[in-house]
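Everything on this sheet refers to the single structure shown next.
What follows is calculated from the coordinates using simple rules that are stated; it is not laboratory data. Everything numeric here is computed off the predicted structure, so don't read it as measured data. Here the Cβ is made from the backbone with ideal geometry for all residues, glycine too, and neighbour counts use every protein chain on show.
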Protein chains: 4
Amino acid sequence: MTAPVLEETYGDKIKARREHIKMDRAAFAAALGKPTQDIEALEENKGAPLTLDTLTAIAGVLGTSLAELTPEFVSDLDDGVSYQLPQDNPIIKGLRAGTNYYTYHCLVRTRTVPKLVPLLLEVNVDDPDAAAFNVGHDAHEVIYCMEGDIHFKWGDPANPREVILPQGSSFYISPGVPHTLTTTKGSGPGKVISINF
Amino acid sequence: MTAPVLEETYGDKIKARREHIKMDRAAFAAALGKPTQDIEALEENKGAPLTLDTLTAIAGVLGTSLAELTPEFVSDLDDGVSYQLPQDNPIIKGLRAGTNYYTYHCLVRTRTVPKLVPLLLEVNVDDPDAAAFNVGHDAHEVIYCMEGDIHFKWGDPANPREVILPQGSSFYISPGVPHTLTTTKGSGPGKVISINF
Amino acid sequence: MTAPVLEETYGDKIKARREHIKMDRAAFAAALGKPTQDIEALEENKGAPLTLDTLTAIAGVLGTSLAELTPEFVSDLDDGVSYQLPQDNPIIKGLRAGTNYYTYHCLVRTRTVPKLVPLLLEVNVDDPDAAAFNVGHDAHEVIYCMEGDIHFKWGDPANPREVILPQGSSFYISPGVPHTLTTTKGSGPGKVISINF
Amino acid sequence: MTAPVLEETYGDKIKARREHIKMDRAAFAAALGKPTQDIEALEENKGAPLTLDTLTAIAGVLGTSLAELTPEFVSDLDDGVSYQLPQDNPIIKGLRAGTNYYTYHCLVRTRTVPKLVPLLLEVNVDDPDAAAFNVGHDAHEVIYCMEGDIHFKWGDPANPREVILPQGSSFYISPGVPHTLTTTKGSGPGKVISINF
């Protein structure tokens, strides 16, 4: 597996931040407890490899977050597009309460939109009384019911809202709302397309 | 059809902005060319209905945008969720180059996430040589190939990239990238789920 | 006073939104309870002036917010810059607890950055025991102490944090934190530069 | 100098991301070319220290950016406030074209708002013909003229816009606009408050 390529170097990011806050190399070096020539090497991407500990200390001295000092990756898109053939979908068993609750087929993703997580989800349990909630997640979710009649529950697991959504229905779930899917009682498994973004 | 309910009044928004920039009512009234008691009525949501022209003038005087002075709607969600049954999907013919190119089945939407536009799209043309491009749009798009073999083209319409994506494939298209779908030559119609966000 | 110029028309914004959600004019007209030719006139900026009530109803039908349908203003900047001479600073009395607590000199503003509200603030009360709190506000604030010794209090008004900040000091206040300024006991008035953003 | 404290661990962030994209530990380990027990140790913050190279590879496998995997720092604010006494202002010489063009007094900063860089700036050159431009920067800037008459130039250095701004004036400069300050010809040095945000 090959690591992604960075758009800029850490040295460039660090130097730009230092100059933006009008700090000179001598003051930066003193605050870090390093000789000035080490700073020069750092900003020119020479010398010893940068460690996470050093980067954390640098972010502290430069009064910024780690995220602001980390470079972006070069895009993984192909003229603005990414696609994935069905045989390349990773398939994951989603266990809940000891059963194979969902089977996840992971669809296309791209580093340029990390929040986008599209899934084809097999709903394996056909008993709403055996529904097992998640705790909600930090993403919007929209679902299309592709096969089977979905029994959807949401909100407080102890006292949930619920609705039956036949094939062809669609629904939206806000970030942070606990929810769960089964199919209707005894109706066999179902399939939905679930897009998290 | 019932208009959505506003979370705040225009008067509240205008008053809050005026106070934030430390402008008093007399100066505000003078800049608008209105008597001070009209401003009082405006901020207390009495008097004549606000017109768009007046709101535009007010935004100018208060040095802000129209959007910053318009109240939010009360959420249309039901405990954080919205759903739509298949019989309620609006169905629209998408004409391109004189043919019924796509048929759109409009899935669930919510005012709280206006950029989310999920569609079930019937791909009616099975001839890649008859592909008709859009000009791209200002939204991310992710597509799941539900039925049929999709012939997908993107980029410069005069010299496009292209790939055949069988049922079960998925793909992502960046904002602004022109693209078009047909099915493969002579294979009949197809269906995809398309989520714009 | 002249109203600011819009970058786009309401008609353009409404048409773009309608097309983005794949709604045709007939369906839009039916949902609004208007004849289709009125919609055509609306989108082409002909016919009767748009009212706020109609715009609200339209936003409801198109499943979006009012803000998303309101056009931006043309920039009020002059090659990216705006400046204001001292004689053009509006001067406002800021009354608190019945006294002329602050005097605000309102500095340069621009519609392109509505949150930016820079002020020269005369601190008129030189008695920390007479300090009157605000309730915090929805903006970052940074202050430079230009004249006099500032007695700064923040947090819970019933049990505040406090510090004396001599001329040349500077401080930052997070959004939502209640705070107040006087000068030190009996030291006469002071002046600060306060930038809200 | 003490490094800032992290709000979460890298292990927590990595685990949350892996679970969000429905990848199991075995698949994650295989993609990284490591034994599964190393992944377990990593996510539980045991074992060998994380290096930047490993973090980059992990971000690649998890289809996200480095910034999304780096934890936030614990706030450096004191009940929502930060202040700095004048004797603690770092003072930096800003050389341009071989002269001591500006002297920067660096005012209060906070890691929670890294873009905020407030400065007291001594303008040392009193000859507009010797004005030396910067290339613009990626921040909004607002300036208050505290002492002296400022000669402000902006835009294309070969053919700049210019204006004289006496004490008490204020101005705003958009991100990316090249600009420079001197005082008026032969008038001695000046001082401004410059807030970048």
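Computed about the Cα centre, the dipole magnitude for chain D is approximately 340 debye when only Lys and Arg (+1) and Asp and Glu (-1) carry charge, each at its Cβ. The distance from the alpha carbon centre of the stretch B:125-197 to that of the stretch D:14-47 is 35 Å, rounded to a whole number. Calculated mean residue ellipticity at 222 nm for chain A: -5500 deg cm²/dmol, from DSSP H runs with n ≥ 4 weighted as -39500 (n - 2.57), summed, divided by the residue count and rounded to 500. For the peptides B:162-173, D:36-47, the ranking by mean Cβ contacts within 10 Å, running from highest to lowest, is B:162-173, D:36-47. Which of the three applies to the stretch B:121-185, rounded, prolate or oblate, going by the alpha-carbon gyration tensor with a ≥ b ≥ c and a/c under 1.5 meaning rounded? Oblate, because a/c is 1.5 or more while a/b does not exceed b/c. Can you list residues whose amide H is under 5 Å from residue A:116's amide H, if they're 5+ apart or on another chain and H is modeled 1.01 Å from N? Correct list: empty.
Taken residue by residue and averaged, Cβ atoms of other chains lying within 10 Å of the Cβ of B:159-169 number 3. When only the Cβ of Lys, Arg, Asp and Glu is charged (+1, +1, -1, -1), the dipole of the stretch B:86-196 relative to its Cα centre reaches about 320 debye. Peptide D:102-112 is shielded by partner chain Cβ atoms: per residue, an average of 5 of them sit within 10 Å of its Cβ. Kirkwood radius, the stretch D:10-69, all distinct C-alpha pairs, inverse of mean reciprocal distance: 11.2 Å. With the charge dipole of the stretch C:86-196 set up from +1 on Lys and Arg Cβ and -1 on Asp and Glu Cβ about the Cα centre, the Cα lying farthest toward the positive end among the listed residues C:94, C:137, C:124 is that of C:137. A Cα-only calculation for the stretch A:86-196 places Rg and Dmax at 13.4, 42 Å.
For the residues B:153, B:22, B:185, a GNM of chain B with alpha-carbon springs under 10 Å puts the largest fluctuation on B:22.
Under a 10 Å cutoff between Cα atoms, tell me which one of C:135, C:61, C:125 has the largest fluctuation in the Gaussian network model of chain C. Most flexible of the set in this elastic network: C:61. Using a 10 angstrom cutoff on alpha carbons, build the Gaussian network for chain B and name the most mobile of B:148, B:33, B:11. Checking each option, the largest mean-square fluctuation is seen for B:33. The residues packed around residue D:160, meaning those with a beta-carbon under 14 Å from its beta-carbon, carry a net charge of -3 if Lys and Arg are +1 and Asp and Glu are -1. Charge tally around residue C:71: other residues with Cβ under 11 Å, Lys/Arg +1 each, Asp/Glu -1 each, net -4. Work out the P(r) tail for the stretch D:1-108: percent of alpha carbon pairs separated by more than 22 Å, whole number. More than 22 Å apart: 51 percent of the Cα pairs in the stretch D:1-108. Per the Debye calculation on the protein assembly as shown with a single equal scatterer at every Cα and no solvent contribution, log₁₀ I(q)/I(0) for q = 0.08, 0.11 Å⁻¹ amounts to -0.87, -1.44. The lysine pair tally for chain C, using Cα distances under 29 Å and a gap of 8 or more places or different chains, is 17. Computed about the Cα centre, the dipole magnitude for the protein assembly as shown is approximately 0 debye when only Lys and Arg (+1) and Asp and Glu (-1) carry charge, each at its Cβ.
The angle separating the long axis of helix C:10-20 from the principal Cα axis of greatest extent in chain C is about 70 degrees. Shielding by partners for peptide A:172-183, expressed as the average number of C-beta atoms from other protein chains within 10 Å of each residue's C-beta, is 3. Each residue of the stretch A:59-75 is assigned a 3J(HN,Hα), and the resulting list reads 4, x, 5, 8, x, 9, 8, 4, 4, 6, 9, 8, x, 6, 7, 4, 4 Hz, derived from the Karplus form 6.51 cos²θ - 1.76 cosθ + 1.60 (θ = phi - 60°), x at Gly and Pro. Annotation: amide H-H contacts under 5 Å for residue D:180 (H modelled 1.01 Å from N, sequence separation of 5 or more, or interchain): D:153.
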